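A short write-up of the structure that comes next.
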Amino acid sequence: MHKLFTALLVALSISLFAQDQVAKDVLDKLSKTTKSYKNIIIDFDFILENKSQNINDKKTGRLEMQEDKFRLVIADQTIINDGKSQWVYLPAMNEVQIMEHNPEDDMMSPNKLFTIYEEDYKYTYVGPESENGKRLQIIDLFPKESSPFIKITLAVDAAQHELNKITILDKNGGAYTYKITTFTTNSNDLAPFTFNLSDYPNIEVIDLR
């Protein structure tokens, strides 16, 4: 019985190692592909769900990224970050908030969603899925240390080595899903990643720097 139990443990360890290796291979290809682009433009659906609080909200958005700069347009706000400063523009209030960029804050850098797996997370291969004719590789990420999030699930296009969907689960039962609807790379038409106050007459400026 002891030998059988040991054999089962060895078989399980080999299986888990193989799954981790598959996940690493998928993530390495995703990282290499993502970093090969001069810039990335994605349109996405954002879905927030929390069953215990009866929340089910859906929005559309656009994210433009180049190096450490980004522009995020979603719902009733625009966030622009040039790698040094960040502007949060609220058109309904004709207000802009300005703050220093904090490179240590993952939430202030949506482009880190594309490389979040490279550090501070353990990963495991869940398996393949098919969606709308695409073959997806599903990988779960788990934080190595205490975090507001308990799990991040990545769906990676197996043919293109590009992200297709990200789902983030928090400790309060919230699920945040980003479903990419269009994925464009190496554009020559991106606007500068800055906010020009002169384009917005009478705007209220809240400078938090």
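The values are calculated or read from the model by the stated rules, or taken from the named source; none is laboratory data. Just so we're clear, the structure is a prediction, and the values are computed from it rather than from any experiment. Every residue, glycine as well, gets a Cβ built from its backbone with ideal geometry; the counts of neighbours run over all protein chains shown. For the accessible areas, the whole protein counts, side chains as well, though only heavy atoms, and no ligand, DNA or RNA atoms are used. Shrake-Rupley method; radii C 1.70, N 1.55, O 1.52, S 1.80 Å.
Going down the table (Lys38/Lys122; Lys122/Lys179; Lys24/Lys58; Lys38/Lys179), which pairs top 25 Å between alpha carbons?
Lys38/Lys122; Lys24/Lys58
Reachable aspartates and glutamates from Lys29, Cα under 19 Å, same-chain residues fewer than 8 places away excluded?
Asp20, Glu67, Glu118, Glu119, Asp120, Glu129, Asp140, Asp157, Glu162
I'd like to compare 193-200, 61-68, 176-183, 127-134: which one has the highest average count of other Cβ atoms within 10 Å, and what's the full order after that?
In decreasing order of mean packing, 193-200, 61-68, 176-183, 127-134 become 61-68, 176-183, 193-200, 127-134.
Have a look at Ala155, Pro143, Thr167 and report the one farthest towards the positive end of the charge dipole of region 137-209, computed about the Cα centre with Cβ charges (Lys/Arg +1, Asp/Glu -1).
Pro143
Between the alpha-carbon centers of region 28-56 and region 82-99, tell me the distance in whole angstrom.
Cα centres, region 28-56 to region 82-99: 22 Å.
Ignoring ligands, DNA and RNA, what percent of the 1.4 Å accessible area of region 125-180 is carbon and sulfur?
Numbers: 1380 of 2850 Å².
Using a 1.4 Å probe with all protein chains present, region 125-180 comes out at 48 percent carbon and sulfur.
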